[in-house]
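Here's the structure we're looking at; comments come further down.
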Amino acid sequence: MDLTLATREEDGRAVVAVGGEIDVYTAPKLRDCITDLVGNGAYHIVIDLEAVEFLDSTGLGVLVGGLKKVRAHDGSLELICTQERLLKIFRITGLAKVFVIHDSVAPAAG
């Protein structure tokens, strides 16, 4: 399964809609997308994980790395996720306490 990325601007934030699988093979594509956004001055990023079917430790590492990148600029990286199987990964790893996780774009963009 491939990874799809669609970036848009919403209320002054970059929203990246991610689809497919975030794994060791596809995670670099997401990392490059986040790096490009930060490089272009987007320090408030929302990652929409609603269409993600699989997320492994490499994908988690990319999200944590992205968070560090934006925090270096006093920015934020927030997630949109309502899928219980993905939320469980964030809870088990303790990352649910690190990331702000929303159930839709509206609160994340507010």
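The values are calculated or read from the model by the stated rules, or taken from the named source; none is laboratory data. Worth saying up front: this structure is predicted, and the values here are computed from it rather than measured. Cβ coordinates were reconstructed from backbone atoms using ideal geometry, including for glycine residues, and neighbour counts include every protein chain displayed.
Structure notes:
- Candidates LEU77, LEU86: the one that is in contact (Cβ under 8 Å) with a residue 24 or more places away in the chain and either surrounded by fewer than 15 Cβ atoms within 10 Å (Cβ to Cβ) or under 11 Å from the mean Cα position of the chain (by Cα) (or both) is LEU77.
- Residue that is nearest to GLU10 (Cα to Cα), among those in segment 54-74 that are over 12 Å from the mean Cα position of the chain (by Cα) and surrounded by 13 or more Cβ atoms within 10 Å (Cβ to Cβ): LYS69
- No other residue among GLY65, GLY41, GLY20 is within 16 Å of PHE99 (Cα to Cα), at pLDDT 95 or above and either of a type outside the set (A, V, I, L, M, F, W, C) or part of a helix (DSSP H, G or I) (or both) apart from GLY65.
- Residue in segment 48-56 that is part of a helix (DSSP H, G or I), within 22 Å of ASP2 (Cα to Cα), modelled with pLDDT of 95 or more and among the aliphatic types (A, V, I, L, M) present: no
- Subset tally (residues that are crowded, with 18+ Cβ neighbours inside 10 Å and either among the β-branched types (Val, Ile, Thr) or farther than 18 Å from VAL70 by Cα (or both)) for segment 11-20: 3
- Segment 80-103 - residue that is charged (D, E, K, R) and at pLDDT 95 or above and, of those, nearest to HIS44 (Cα to Cα): LYS97
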